[in-house]
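*Asks:* Take a look at the following structure, please.
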Amino acid sequence: QVQLVESGGGLVQAGGSLRLSCAASGRTFSSYAMGWFRQAPGKEREFVAAITWSGGSTYYADSVKGRFTISRDNAKNTVYLQMNSLKPEDTAVYYCAADLSPAQAMGAPGYWGQGTQVTVSS
């Protein structure tokens, strides 16, 4: 089992950057594929990015490709989401997620964090 705690959200102007962090508990963090999702007000939760257990493969939603970068540090049990060139439409609660299956980590992960708010002003 793994527990996830996000941090790094906040208010930023359009064009700015933020880096989200997700700290995971448990000794088997390196076994899990990790993902980031987001949910804007009145919208369904959507996939943002995912990374395999080794960090060897990464996946992105088309809406963030080229602007966001997912990475992980297995020694620190942490996954990151570097967000650049932020747009007002990136405003949402961002959730960290984990699953042993990379496919599930992008679709229906078994473990979720509580979320961190990101607000991008125009």
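*Asks:* Consider only pairs whose beta carbons are under 8 Å apart and that are at least six residues apart or on different chains; among these, list those whose first residue lies in segment 98-122 and is over 13 Å from R38 (Cα atoms) and whose second residue is open to solvent by 50 Å² or more (accessible area, probe 1.4 Å) and basic (K, R).
*Replies:* V120/K87
*Asks:* Can you tell me how many residues within segment 13-38 are touching a strand residue (DSSP E or B) at 6+ places or on another chain (Cβ under 7 Å), surrounded by fewer than 24 Cβ atoms within 10 Å (Cβ to Cβ), closer than 12 Å to R72 by Cβ and not aliphatic (A, V, I, L, M)?
*Replies:* 1
*Asks:* Exactly one of these conditions fails for Q114: (1) under 19 Å from V5 (Cα atoms); (2) modelled with pLDDT of 95 or more; (3) touching a strand residue (DSSP E or B) at 6+ places or on another chain (Cβ under 6 Å). Give me its number.
*Replies:* (3)
*Asks:* Moving to a separate point now. Hey, can you tell me all the residues within segment 16-33 that are assigned to a loop (DSSP other than H, G, I, E, B) and touching a residue at least 40 places away in the same chain (Cβ under 8 Å)?
*Replies:* G16, S17, S25, G26, Y32
*Asks:* Moving on to the next point. Take the residues in segment 52-68 that are in a strand (DSSP E or B) and free of Cβ contacts under 8 Å to residues at least 40 places away in the same chain, then tell me which one is surrounded by the most Cβ atoms within 10 Å (Cβ to Cβ).
*Replies:* F68
*Asks:* Filter segment 70-98 for residues that are over 22 Å from Q3 (Cβ atoms), charged (D, E, K, R) and open to solvent by less than 50 Å² (accessible area, probe 1.4 Å) and give the result.
*Replies:* D90
*Asks:* Select from segment 1-12 the residues that are open to solvent by 30 Å² or more (accessible area, probe 1.4 Å) and part of a strand (DSSP E or B) and write down the one among them that is nearest to I70 (Cα to Cα).
*Replies:* Among residues in segment 1-12 that are open to solvent by 30 Å² or more (accessible area, probe 1.4 Å) and part of a strand (DSSP E or B), the one nearest to I70 (Cα to Cα) is S7.
The values are calculated or read from the model by the stated rules, or taken from the named source; none is laboratory data. Worth saying up front: this structure is predicted, and the values here are computed from it rather than measured. Heads up, the Cβs are rebuilt from the backbone with ideal geometry, glycines too, and the neighbour counts pull from every protein chain shown. For the accessible areas, the whole protein counts, side chains as well, though only heavy atoms, and no ligand, DNA or RNA atoms are used. Shrake-Rupley method; radii C 1.70, N 1.55, O 1.52, S 1.80 Å.
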